[in-house]
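The values are calculated or read from the model by the stated rules, or taken from the named source; none is laboratory data. Quantities reported herein were computed from a predicted structural model and do not represent experimental measurements. Methodologically, a virtual Cβ is constructed for each residue, glycine included, from the backbone with ideal geometry; neighbour enumeration extends over all protein chains shown. Heavy atoms of the whole protein, side chains included, go into the accessibility calculation; ligands, DNA and RNA do not. Shrake-Rupley method; radii C 1.70, N 1.55, O 1.52, S 1.80 Å.
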Amino acid sequence: MIKLVTGFATVALTLMASTTTVQAEERLYLYTENFPPYNMSASGRAFEHGQEDIDGLCTELVVAALKQTNLDYRIKLRNWDYGYNRALSKENHGIFCTTYTEERAPLFKWVGPLTDNLWTVFAPPGSDFEMDELSDARGMVFGGYRNDVKSEYLIKNGYEVSALDSDDLNPKRLELGQIDLWLADRLGGPYVASQQNVEGLVPVFSFNDTQLFLALNLETSDKIVAELKSGLAAIRESGMFEAIETKYGL
């Protein structure tokens, strides 16, 4: 009898462990960064561990879409390089808002678009520098951050980029003359600058109107991707998507 009970207990524990493993595998881990007004800490901290402390346009859209599904998920705010590499290397991990490019297309499964992103070159406050095309900035130093698509684009095309792990310090570096120009988002750039008490940055050139997505690791199941796409479609149809955009001035 003791052996029989022990056997049942072993089977039960095995089943419980198996169930826990399945649940863990099916949980989504989504990362974002401080990139206001698209994604940001609600309290201004560099890192956040829970969804309730993360705000922003893309965050609200992603959470609204997730609530239309039965998916279990966690959202964390980290620096871009950390979140990007987690999404690139781990099943059921993703990152938003991520710029969709032809080079990145085969690296992830994509849900979106969530919103648009117009790349804009900013000069320091009071600058009279003018640009008609990007090549006018040859020989100048751009502020950027690692694994960001804009920085990668500049480097690939032969421009000098001084890259950090986060974009937050670049407006102050620009104001202090530590960099010559800053390539940021037309909407987000001034917002980030204001958070660093930098006002009056001069937008001198805009190009490359891109789209931002939720990017998921390639090993994430097609079922999960389909649920997320369905959730996003549902909030578009209900008008919630447009209401969130309007809240952020789009």
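From the set of residues in the stretch 28-41 that are part of a loop (DSSP other than H, G, I, E, B) and closer than 20 Å to Leu250 by Cα, which is modelled with the highest pLDDT?
Tyr38
Quick one: which helices (runs of 4 or more DSSP H) lie wholly within the stretch 139-219 and hold at least 3 residues that are open to solvent by 60 Å² or more (accessible area, probe 1.4 Å)?
Because the criterion is at least 3 residues that are open to solvent by 60 Å² or more (accessible area, probe 1.4 Å), the helices (runs of 4 or more DSSP H) in the stretch 139-219 that meet it are 149-156, 170-176.
Of the residues Ser194, Ser151, Ser166, which is out of contact with any Lys or Arg (no Cβ under 7 Å at 6 or more places or on another chain) and either farther than 23 Å from Tyr248 by Cα or among the acidic types (Asp, Glu) (or both)?
Ser151
What tally of residues in the stretch 225-248 results from selecting those that are under 19 Å from the mean Cα position of the chain (by Cα) and open to solvent by less than 50 Å² (accessible area, probe 1.4 Å)?
Final tally of qualifying residues: 8.
Could you grab me the full set of residues in the stretch 34-46 that are touching a strand residue (DSSP E or B) at 6+ places or on another chain (Cβ under 6 Å) and hydrophobic (A, V, I, L, M, F, W, C)? Talk me through it step by step, then tell me what you get.
Going through the stretch 34-46, the residues touching a strand residue (DSSP E or B) at 6+ places or on another chain (Cβ under 6 Å) turn out to be 34, 38-42.
Listed by number, the residues that qualify are Met40, Ala42.
Within the stretch 42-62, count every residue that is assigned to a helix (DSSP H, G or I) and either surrounded by 19 or more Cβ atoms within 10 Å (Cβ to Cβ) or of a type in the set (S, T, N, Q) (or both). Can you show your working first?
Of the stretch 42-62, the ones assigned to a helix (DSSP H, G or I) are 51-53, 57-62.
Those still in the list that are either surrounded by 19 or more Cβ atoms within 10 Å (Cβ to Cβ) or of a type in the set (S, T, N, Q) (or both) too: 51, 57-62.
The number of residues fulfilling the criteria is 7.
Working only within the stretch 81-92, note down all residues that are open to solvent by 10 Å² or more (accessible area, probe 1.4 Å) and not in a loop (DSSP other than H, G, I, E, B).
Once the filter is applied, which keeps residues that are open to solvent by 10 Å² or more (accessible area, probe 1.4 Å) and not in a loop (DSSP other than H, G, I, E, B), the stretch 81-92 yields Asp81, Tyr82, Tyr84, Asn85, Arg86, Leu88, Ser89.
When both residues are 6+ apart or on different chains and their Cβ atoms are under 8 Å apart, which pairs have a first residue that lies in the stretch 203-222 and is within 29 Å of Val121 (Cα to Cα), and a second that is acidic (Asp, Glu) and not in a strand (DSSP E or B)?
Pairs found: Val204/Glu130; Phe205/Asp132; Phe205/Glu133; Phe205/Asp136.
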